[in-house]
Every structure is written in structure tokens, then in C-alpha cells.
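The values are calculated or read from the model by the stated rules, or taken from the named source; none is laboratory data. On a predicted model such as this, the values are computed, not experimentally measured, just so you know. Neighbour counts are summed over all protein chains in view; Cβ atoms, including those assigned to glycine, are modelled from backbone coordinates with ideal geometry.
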Ligand SMILES: [Zn+2]
């Protein structure tokens, strides 16, 4: 069986722009950021729209993918 290198499927359906956007957002989401309160790197997304610092416990409401509103 020959595997076809498919640019159809997901790619065609959503388009390159959106995929690029997703990659950017994904990267943003995964990237480490410092806690705005204590500066610890243990700051991350707890759930959609909520960011929490594991060190000082501060909770910040942000967007789904970033703390910048
Ligand atoms: Zn903190």
C-alpha cells in the first residue's frame, strides 16, 4: 500500500493560515512565562481562561491561550 503524501484532509479543510495560527497559539500556550506577581516560572494555564502560579498560588483570568487580554 502506498501512502500518499496528502495535503488534502485537514490541510485543505482548514487552510494554511489557520494551521499557522494554531501553531503559533499552541506554542504560546506551551511556552513558559513568569508569574506577574512573584516572577516564578511555575506559572501556567490551569484551565481555559485561568492562569495560575504554582508557587504563590495567584490566579489570573486571561484569554484561553494567553494572559494578555
Ligand atoms: Zn507567583
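A few remarks follow.
- Of the residues making up segment 35-50, those that are part of a loop (DSSP other than H, G, I, E, B), within 8 Å of the ligand (Cβ to nearest atom) and under 14 Å from residue 66 (Cα atoms) are 35, 36.
Here's the yes/no breakdown for (1) within 11 Å of the ligand (Cβ to nearest atom); (2) part of a loop (DSSP other than H, G, I, E, B); (3) at pLDDT 80 or above:
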site	(1), (2), (3)
10	no, no, no
13	no, no, no
19	no, no, yes
52	yes, no, yes
57	yes, yes, yes
